[in-house]
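Everything below concerns the one structure shown next.
The values are calculated or read from the model by the stated rules, or taken from the named source; none is laboratory data. Since this is a predicted model, take the numbers as computed values, not measurements. So basically every Cβ, Gly included, is an ideal-geometry build from the backbone, and we count neighbours across all protein chains shown.
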Amino acid sequence: MNLARALSVNLDFIVCDEPVTALDVSIQAQVLDTMRKLQDEFWLTYLFIAHDLSVIRHISDRVAVMYLGQLVELADKEELFENPQHPYTEALLESIPVPDPRVEGTRGVLEGDVPSPIDPPSGCRFRTRCPKLIAPPEYEFTQKEWANARRFLREVQRRSFEPTDKADVEARFFADARPSGEAGRIVDDAIDRITSDDWERAAELLVESFAEPSICARQILEYEVPTEYGTSPHAAACHRHRDDVVGGLQE
Ligand code: SF4
């Protein structure tokens, strides 16, 4: 009905905001097929907004991924689905259910709440939930140490565990790699605060020391990344694509 109304005034460009969201799957398929036919017949361009990745894959030629009101990745459909380059896009694609009961393993689920768009985080808006936050350059982390420190920070913010003592915290988070030097002292201090039941100050210390100095918290830029499928440009707003960032650590 809405499409017929749009076509009656001879439009070239139509914004379709969640046009099939509330529909049954079989009706969705019919509507999408009709839209495809009308697109071919009238040379239409759609800006198609949806949360359902299977619908996006079915209807789109080029896909833009948004997080908290900002574009984070832009690429042709096949390139985006087969070669995602932003951690948020990667998480979205990992969360697609596999319709096969023989497939084992859990789907990736993003941790943490979506921040308020009225007061978004500084720099990259995804940084408070990003599993690949880049280490601040002032500490000498190995990749494993940084991965453990990052997980420790997230879990302390969420108060997701109940430690019995310091050794328990060490075993949970740093059994295989523990930061040393200044970063190690900060971890020590945070563990002391947790075991004294001062979670708030422990979280503040870790955020101030490890999250806020990260380049991810200071600025965000868009980078063009190599395209593997097709020839159209592929852009991702993630500092992991800077030349001086290797495996989540700044050189
Ligand atoms: S810029 Fe940093 S926080 Fe943002 S997506 Fe990239 S690694 Fe994650």
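The number of residues in the range 62-83 being loosely packed, with under 14 Cβ neighbours inside 10 Å, away from the ligand (no atom under 16 Å from the Cβ) and within 16 Å of Val15 (Cβ to Cβ) comes to 1. Among the residues of the range 186-242, just one is among the basic types (Lys, Arg), under 27 Å from Phe81 (Cα atoms) and surrounded by fewer than 18 Cβ atoms within 10 Å (Cβ to Cβ), namely Arg242.
Going by the structure shown, is Thr231 assigned by TED's automatic domain parsing to the domain that holds His86, without any contact (Cβ under 8 Å) to a residue 60 or more places away in the chain, assigned to a loop (DSSP other than H, G, I, E, B) and not charged (D, E, K, R)?
Considered against the rule, which asks whether it is assigned by TED's automatic domain parsing to the domain that holds His86, without any contact (Cβ under 8 Å) to a residue 60 or more places away in the chain, assigned to a loop (DSSP other than H, G, I, E, B) and not charged (D, E, K, R), Thr231 comes out as yes.
Tell me, which residue of the range 196-223 that is without any contact (Cβ under 8 Å) to a residue 12 or more places away in the chain and not in a loop (DSSP other than H, G, I, E, B) is farthest from Tyr67 (Cα to Cα)? By that ranking, first place goes to Arg201. Would you list the helices (runs of 4 or more DSSP H) that sit entirely within the range 72-181 and hold 1 or more residues that are of a type in the set (D, E, K, R), within 12 Å of the chain's Cα centre (by Cα) and closer than 26 Å to Val55 by Cβ? Helices (runs of 4 or more DSSP H) meeting the threshold: 87-94. Considering (1) surrounded by fewer than 20 Cβ atoms within 10 Å (Cβ to Cβ); (2) closer than 28 Å to Ala235 by Cα; (3) at pLDDT below 95, the lone condition that Cys130 does not fulfil carries the number (1). Just one of the numbered conditions (1) at pLDDT below 95; (2) within 15 Å of the ligand (Cβ to nearest atom); (3) among the β-branched types (Val, Ile, Thr) is not true of Thr21: (2). For beta carbons closer than 6 Å, sequence separation of 6+ or different chains, a first residue in the range 92-113 that is modelled with pLDDT of 75 or more and a second that is among the small types (Gly, Ala, Ser), the qualifying pairs are Glu94/Gly108; Ser95/Gly108; Leu110/Ala91. Criterion first (assigned by TED's automatic domain parsing to the domain that holds His234, among the hydrophobic types (A, V, I, L, M, F, W, C) and closer than 19 Å to His234 by Cα) does Met35 satisfy it? No: the conditions fail for Met35.
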